[in-house]
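**Q** This structure is in structure tokens; I'll ask about it shortly.
The values are calculated or read from the model by the stated rules, or taken from the named source; none is laboratory data. Everything numeric in this text was worked out from a predicted model, so none of it was measured. A quick note on method: Cβ atoms are made from the backbone with ideal geometry, for glycine too, and the neighbour counts reach across all protein chains shown. When the accessible area is computed, the model is the full protein with side chains, heavy atoms only, and any ligands, DNA or RNA have been set aside. Shrake-Rupley method; radii C 1.70, N 1.55, O 1.52, S 1.80 Å.
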Amino acid sequence: MSFNPQFARLGEVLLHENHVSEEKLKEALIKQTNFGLKLGETLIKLGYISEKQLLNALHMQLGYDIVKENELMDLDLKVVSLIPEPYALENRVIALREDADGVVVALADPENLTVLDSLKKLIGKNIKPELIGDTMLHDTIEKYYKSIRTTSQVEDAVGGFDFVAVDEEENEISISAASSDADAPVVKLLNLIINEAIKANTTDIHIEPLIKHTRVRYRIDGALREVMTPPIGMHPGLVSLVKVMSKLNIAERRLPQDGHISLKTSLKSVDVRVSITPTVLGEKVVMRLLDKGDFGFKLSTLGFEQEDMVIFDRIIRRPYGIIIVSGPTGSGKSTSLHAALKEIQDPETNIITVEDPVEYRLEGITQIETKEQIGLTFGSALRSVLRQDPDIVLIGEIRDEETADIAIKFSLTGHLVFSTLHANDAPSTVTRLIDIGIKPYLVGSSLSLVMAQRLVRKICPYCIADYKPTDQEIIDAGLSEQDVKEAQFKIGEGCVHCDNTGFSGRTGIFELLTVDKEIRQLIYDGGNQDLIRASALNSGMRTLHDAAVSKMKRGITTIREVIKMTIVE
């Protein structure tokens, strides 16, 4: 007798398709009562089947179509808003499209006839269900209802804006009302910009004037994304409100200004570093968001290759010397150093940091924030630190000869010093120290490790797919024939989970230069960058490019990220 899935139970369909064994099915049937879940959800929770396998079985059993993933990338907000957000969240349903026969909706549980009946009454049209996985449904609901909320809030703020004609000289909008009236359009818009940025784990907010509108962009996972374009008439009001919150001079529009705002939201406390600079079209605002919450990183999760992790872990446990992490702004230097401090801290060790600003709060570590305006500079703070009986000192950044000189003296008097420096790679960091004004023999005597680092974007696990690189990409990425043979080339095609970017999160790539006898002698001789690099490579140093290629080979990142983030020597 042939098997007909439409007359079978879900467990029988899963067994027939070899998605699950009889033993695992029996276990799930017992446990589903304890979990308070349906059979399919229980099997997924236990890790016995995937969402795709469950959807396939439900499709065979019920005959409903499975939602096409590419359709979820571009839903009509008017159709989505046919179902109110609270109802969609509670009943796990979203409206996909409208056609002549009714409204097509996606559900994780299409057997729930009560929901289908109430939807018909709610919308007043026939309901045609389609199947969707729970994870994808959750992310789709989150994405589109967030867009609906943001759009309506922007329209609400802009809708209440009173446009005025001004000449070129008189381009400042009075914010006397904005600063005191919480319902003022500019206040609403700035609240929305900051709140949405915090929810999206944004690192920087850019508010910049263009000819016809203001452009608001968020930096997420190292890349800027345009999120809204309010009218240009609101720009001066936005800038002025930011200035008031940052305690800056509202009247000064010709010179750059820097300030900061401390914010407390329902989600978390955030320190905002504000930079305002004049452009030909008006003032541009960049706000860097620093999370004041608990530091959640560990050395093991930063992305070290195993061999590099062993070297780094060994050197950060030395009693003295200087460890420098180099790279451009936003390359994760502070994160790596704070993760190192967290790894080696114990009650027997006195760790003190001097930073500008304090980006992460670490329990049990003394952190000092410099304040130039009252004379608390890196130099003065570090001189006082020496009288605080430190074992380990973190200097936020070596930015001049004075700071570098103090760091060297700390290390030569038996302290372990961590710091950062802006340089392109590990060998050039050594020559940069000498350029600052430190004598080569002092650099050679004190330096233990130089680590250059960058952050590369990781491919979204939900839309990862095979990729065949072009010949030009292989040349640009500096790949050998062996590299091409070994590599699992992957790309993110873009989906609802990653906001169609193809990427989700970032990971570090590292170049570790251990200062051994040979390198120390080269530094004593004047620190020729090319000779230091050659010696380090000869000793087994993995370059930033090698580290990026290694991650690309394993399908963690793309060949385009390798080309974008590293240089082939």
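**Q** Restricting attention to helices (runs of 4 or more DSSP H) lying wholly within region 314-419, give those where 2 or more residues are farther than 23 Å from Ser300 by Cα.
**A** So the answer is 378-385, 401-412.
**Q** Which one is surrounded by the fewest Cβ atoms within 10 Å (Cβ to Cβ), of the residues in region 420-429 that are of a type in the set (Gly, Ala, Ser) and part of a helix (DSSP H, G or I)?
**A** Ser428
To keep it simple, each residue is scored yes or no on (1) free of Cβ contacts under 8 Å to residues at least 24 places away in the same chain; (2) open to solvent by 50 Å² or more (accessible area, probe 1.4 Å).
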position	(1), (2)
Leu29	yes, yes
Asn34	yes, yes
Lys38	no, yes
His59	no, yes
Ile66	no, yes
Glu69	no, yes
Val80	no, no
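**Q** In region 186-205, which residues are in contact (Cβ under 8 Å) with a residue 60 or more places away in the chain and open to solvent by less than 20 Å² (accessible area, probe 1.4 Å)?
**A** If the condition is that a residue be in contact (Cβ under 8 Å) with a residue 60 or more places away in the chain and open to solvent by less than 20 Å² (accessible area, probe 1.4 Å), then Ile194, Ala197, Ile198, Thr202, Asp204, Ile205 are the ones that fit.
**Q** Still on this structure: Suppose we filter Tyr441, Tyr467 for residues that are among the hydroxyl-bearing types (Ser, Thr, Tyr), touching a strand residue (DSSP E or B) at 6+ places or on another chain (Cβ under 7 Å) and in contact (Cβ under 8 Å) with a residue 24 or more places away in the chain; which single one remains?
**A** On inspection, the qualifying residue turns out to be Tyr467.
**Q** If you don't mind, there's one more thing I want to ask. Out of all the residues in region 379-397, which are open to solvent by less than 10 Å² (accessible area, probe 1.4 Å) and farther than 21 Å from Gly364 by Cβ?
**A** Gly379
**Q** Are there any pairs, at least 6 apart or on different chains, whose C-beta atoms fall under 9 Å, with the first in region 369-391 and closer than 18 Å to Leu416 by Cβ and the second small (Gly, Ala, Ser) and open to solvent by 40 Å² or more (accessible area, probe 1.4 Å), and if so, which?
**A** From region 369-391, the pairs are Asp391/Gly414.
**Q** Would you mind listing the strands (runs of 3 or more DSSP E) fully within region 239-310 where at least 1 residues are within 17 Å of the chain's Cα centre (by Cα) and hydrophobic (A, V, I, L, M, F, W, C)?
**A** Qualifying strands (runs of 3 or more DSSP E): 269-279, 282-291.
**Q** Among the numbered conditions (1) farther than 24 Å from Arg399 by Cβ; (2) open to solvent by 10 Å² or more (accessible area, probe 1.4 Å); (3) out of contact with any Leu (no Cβ under 6 Å at 6 or more places or on another chain), tell me where Glu343 comes up short.
**A** Going through the list (1) farther than 24 Å from Arg399 by Cβ; (2) open to solvent by 10 Å² or more (accessible area, probe 1.4 Å); (3) out of contact with any Leu (no Cβ under 6 Å at 6 or more places or on another chain), Glu343 breaks only (3).
**Q** Continuing with this model, one more query. If Val280 passes every condition in (1) over 30 Å from Leu341 (Cα atoms); (2) surrounded by 19 or more Cβ atoms within 10 Å (Cβ to Cβ); (3) aliphatic (A, V, I, L, M) but one, which one does it miss?
**A** Among (1) over 30 Å from Leu341 (Cα atoms); (2) surrounded by 19 or more Cβ atoms within 10 Å (Cβ to Cβ); (3) aliphatic (A, V, I, L, M), the lone unmet condition for Val280 is (2).
**Q** Another question, if that's okay. Check Glu473, Glu481 and return the single one that is more than 30 Å from the chain's Cα centre (by Cα) and closer than 21 Å to Glu569 by Cα.
**A** Checking each option against the conditions leaves just Glu481.
**Q** Let me confirm something: among Ser331, Ser269, Ser262, which residue is polar (S, T, N, Q) and at pLDDT 85 or above?
**A** Answer to the selection: Ser331.
**Q** Moving on to the next point. Given (1) open to solvent by 60 Å² or more (accessible area, probe 1.4 Å); (2) touching a residue at least 12 places away in the same chain (Cβ under 8 Å); (3) touching an Asp or Glu at 6+ places or on another chain (Cβ under 9 Å), identify the lone condition not met by Gln53.
**A** (1)
**Q** When you look at Arg454, is it open to solvent by 50 Å² or more (accessible area, probe 1.4 Å), within 30 Å of Arg520 (Cβ to Cβ) and touching a strand residue (DSSP E or B) at 6+ places or on another chain (Cβ under 7 Å), yes or no?
**A** Criteria not met by Arg454.
**Q** How about region 217-251: which of its residues are open to solvent by less than 20 Å² (accessible area, probe 1.4 Å) and of a type in the set (Ser, Thr, Tyr)?
**A** Of everything in region 217-251, those that are open to solvent by less than 20 Å² (accessible area, probe 1.4 Å) and of a type in the set (Ser, Thr, Tyr) turn out to be Tyr218, Ser240, Ser246.
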